[in-house]
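A quick write-up on the structure given underneath.
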Amino acid sequence: MLYVPLATGVLVAGNLSLRVFLLTLSVTFVFIARESLLVWWRARVRGKRESEAFRFLAIYAMLAGLAASPLFIVWRLYWLIPAGVAVVVLLGINALQATRREDRTIAGETLAIAGLTLTAPAAHYVATGALEVTALWLWALCAAYFASSVFYVKLRVNTINPKKEEARRQSWRRCAFYHASLLAALLLLAMGGSLSMFALAAFAPVLIRSFWYLTRPVRYINLRLVGWLEIVYSVVFLVFTTLTFRF
């Protein structure tokens, strides 16, 4: 969810440079800092001191800032500032949700995805040096793609527990509605000429796996297999989304 959008932005832009490397370093340190932020925030809510977590948080934040500073000072990519502010806000909300045990809800995970997939427009902007509509398209497509896994995995997890029948039904309805809406939106955009058929191919694996499971649910889940398949689907998404904007 962090690097596939970033790679998509770079490949669509068609320009791998030092600026992209620095951005990758910066977002990596920000992502690593998230865990220290959660540990420190949870401890603070409980009235405890967690100086080590705060120290690591400060170190990672400093490294992220050092990696990103040439992007502002040398190349003057000032549109990264609102993106950075958005990431900080979303990190804060996510940390607050984690302290309330709300970070694993659909709303919480969707917000996290919105923050992680900001790497797509940021990478495209850094690679091209200009903010284009394509960058926003990439963010929307990446966020929509990875949100699919939230609904799908929740359905699979709730299905394996026979004691959570109501939760399974609710997850089934949400998963069905999301993927039906996603498919309809992609078809409308493709027929309207806003996106090419490559975009449908990019989403095809996750749409097929979701509709297949909706019609043929099984009360068994191999999380390792599901994880590896999601990686394969993400590579397919990366390739065909790149083709969507390159041809």
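Computed values, structure above
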{"read-out": "Accessible solvent surface per residue of the chain, calculated while the other protein chains remain in place, 1.4 angstrom probe, Å²", "value": "55 Å²"}
{"read-out": "Virtual spin-label span in nm between ILE208 and GLU132, 7 Å along Cα→Cβ", "value": "3.0 nm"}
{"read-out": "Per-residue HN-Hα couplings for segment 76-81 [Karplus 6.51, -1.76, 1.60; θ = phi - 60°; Hz; x = Gly/Pro]", "value": "6, 8, 6, 5, 5, 5"}
{"read-out": "Fraction of accessible area attributable to carbon and sulfur, segment 20-142 (%, probe 1.4 Å)", "value": "67 percent"}
{"read-out": "Percent of Cα-Cα distances greater than 28 Å, calculated over the chain", "value": "40 percent"}
{"read-out": "Expected-Rg normalisation [2.2 N^0.38 Å, Cα atoms] applied to segment 1-144", "value": "1.07"}
{"read-out": "Calculated over segment 184-247: convex hull of Cα atoms, volume per residue (Å³)", "value": "70 Å³"}
{"read-out": "Gyration tensor (alpha-carbon) shape descriptor, segment 75-164, a/c threshold 1.5", "value": "oblate"}
{"read-out": "Gap separating the Cα centres of segment 108-123 and segment 1-37, nearest whole Å", "value": "11 Å"}
{"read-out": "Karplus-derived 3J(HN,Hα), 6.51/-1.76/1.60, for each residue of segment 104-120, Hz, glycine and proline x", "value": "9, 6, 4, 5, x, 6, 5, 4, 4, 5, 4, x, 5, 7, 4, 5, 5"}
{"read-out": "C-alpha center-to-center spacing [segment 73-95, segment 193-240] in angstrom", "value": "30 Å"}
{"read-out": "Computed lengthening from LEU16 to THR110, 0.36 nm per intervening residue step minus Cα-Cα distance", "value": "30.9 nm"}
{"read-out": "For segment 17-30, Karplus couplings with θ = phi - 60° (6.51, -1.76, 1.60), whole Hz, Gly/Pro x", "value": "9, 4, 4, 5, 4, 5, 4, 4, 4, 5, 5, 5, 5, 5"}
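The values are calculated or read from the model by the stated rules, or taken from the named source; none is laboratory data. Only a predicted model underlies this, so the values are computations on that prediction, with no experimental measurement involved. Positions of Cβ are backbone-derived with ideal geometry, glycine not excepted, and every protein chain shown enters the neighbour counts. Quick note on the areas: whole protein, heavy atoms, side chains included, nothing else; ligands and nucleic acids left out. Shrake-Rupley method; radii C 1.70, N 1.55, O 1.52, S 1.80 Å.
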